[in-house]
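Here's the structure, in structure tokens; my notes come after.
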Amino acid sequence: MSQMRMGHILLAALCLWSCALTVTSILNEEQVGRANNYIQQQFTGNFNYQYAYFVKFTADECNRGLTNQVLREALQRENSNNLVQTVNNYGIYEGNRMVAASYLKQGSYTEHSEYRLLTPENSSPISRLLQREPVAGCAIFYSLNSPCITKCIRPNGKYNIINLLQSVTNVPQDKVFAFRQVFWYDADKPQTWASWRTLNNYMPLYRCNGNNCIRCFTNGVQQNNCMD
């Protein structure tokens, strides 16, 4: 066999190997909705105030579609009573697969729940979660209200969670940000979509109510029903 022929075969083999290792998005509206609905039923259903959580799943669990059985197995070590009590008392719950927090008032200033899960920058609850086994294959960052445009996703702002997220190591490529309702102050603001787009460029943005999830952007085009 000629050297040229062997070279072509080697290149083809390398291409097949690299293509097999290419990471593609697994999470979709159905799976994100099912996961969020399960977590609300088992852990966070009684929260009627702003809170957020970050949950991770292994690559195998993600590939198996995050069915209810997979979710039960993945989250069986989470302590529902501890999570509820901790968050109700303005603490930060840190479990095996998820972390959760409410907002925290500090005098006239309020630390938002998403920000609390991402600080301090080098040792945040989300950072610690992703450093522990098992390795995350996909992840969902959920907030009851959409991240506010004046703090959480304000470009170059001091409390910008996108910048904090980008500084966290071990964040899986397959990740989404989901929220249930639009933060009232941001509703119908002309700059809201631009801020949401910035977040969506880092992790796809979903609006979820129970099992029902919709993408806020499809192929880069905003979906207005995400705001309605």
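The values are calculated or read from the model by the stated rules, or taken from the named source; none is laboratory data. Remember, it's a predicted structure, so these values are computed and weren't measured experimentally. Every residue, glycine as well, gets a Cβ built from its backbone with ideal geometry; the counts of neighbours run over all protein chains shown. Note: areas computed on protein heavy atoms with side chains; ligands, DNA, RNA excluded. Shrake-Rupley method; radii C 1.70, N 1.55, O 1.52, S 1.80 Å.
Taking the Cβ-Cβ separation of Glu30 and Asn122 as r and a Förster radius of 41 Å, what is the calculated FRET efficiency to the nearest 0.05? Mind showing how you got there, number by number?
Numbers: r = 36 Å, r/R0 = 0.87.
Step by step, r from the Cβ atoms, then E = 0.70.
Can you show me the helix-derived [θ] at 222 nm for the chain, built from DSSP H runs with n ≥ 4 at -39,500 (n - 2.57) apiece and divided by the number of residues, rounded to the nearest 500.
Details: 9 runs with 80 residues, N = 228.
Result for the chain, helices only: -10000 deg cm²/dmol.
At 1.4 Å probe size, with no ligands or nucleic acids counted, give the accessible surface of Ile26 in Å², nearest ten.
About 50 Å², ignoring ligands and nucleic acids.
Would you mind checking the tilt of helix 192-202 against the longest principal axis of the Cα atoms of the chain, expressed as 0 to 90 degrees and rounded to 10?
40
Please report the antiparallel percentage of the DSSP beta bridges confined to segment 92-225, to the nearest 5. Each step should come with its number before you reach the end.
Working: 12 of 22 bridges.
Looking only at bridges with both residues in segment 92-225, the antiparallel portion is about 55 percent.
Take Asp228, Asp174 and sort them by solvent-accessible surface of the protein heavy atoms, 1.4 Å probe, largest at the top.
Working: Asp228 130, Asp174 5 Å².
Output order, biggest surface exposure first: Asp228, Asp174.
Multiply the residue gap between Asn48 and Gln85 by 0.36 nm, knock off their C-alpha separation, and tell me the result in nm, one decimal place.
Values: separation 37, 0.36 × 37 = 13.32 nm, distance 1.39 nm.
Answer, rounded to one decimal: 11.9 nm.
For Lys189, give me every one of the lysines with a C-alpha distance below 18 angstrom, ignoring sequence neighbours fewer than eight places off in its own chain.
Lys151
Rank these residues by their accessible area, most exposed first, probe 1.4 Å: Tyr142, Tyr38, Tyr103. All intermediate terms of the calculation are to be shown ahead of the outcome.
Values: Tyr142 0, Tyr38 30, Tyr103 65 Å².
Reading off the accessible areas and sorting them downward yields Tyr103, Tyr38, Tyr142.
Be a star and scan segment 169-185 for residues whose amide nitrogen sits under 16 Å from the point 7 Å along the Cα-to-Cβ vector of Asp228.
What the label zone holds, given the 16 Å backbone N cut-off, is 181-182.
Compute the long axis of helix 29-39 from its Cα atoms, compare it with the longest principal axis of the Cα atoms of the chain, and write down the angle in degrees, 0 to 90, nearest 10.
Taking the Cα atoms of the chain, the angle to 29-39 is about 50 degrees.
Report, in degrees rounded to the nearest 10, the 0 to 90 angle that the Cα long axis of helix 3-21 makes with the longest principal axis of the chain.
The helix 3-21 is inclined about 20 degrees to the chain.
Determine the dipole magnitude for the chain: charges of +1 sit on the beta-carbon of Lys and Arg, -1 on that of Asp and Glu, nothing else is charged, the reference point is the Cα centre, and the result goes in debye to the nearest 20.
Computed charge dipole of the chain: roughly 220 debye.
For Arg64 and Tyr185, FRET efficiency with R0 = 30 Å and r from the beta-carbon atoms, rounded to 0.05? Mind showing how you got there, number by number?
Numbers: r = 39 Å, r/R0 = 1.31.
That pair, Tyr185 with Arg64, gives E of 0.15.
Nearest 5 percent is fine: what portion of the DSSP beta bridges confined to the chain is antiparallel? Write down the numbers at each step before the final one.
On the way: 23 of 33 bridges.
The antiparallel fraction comes to roughly 70 percent.
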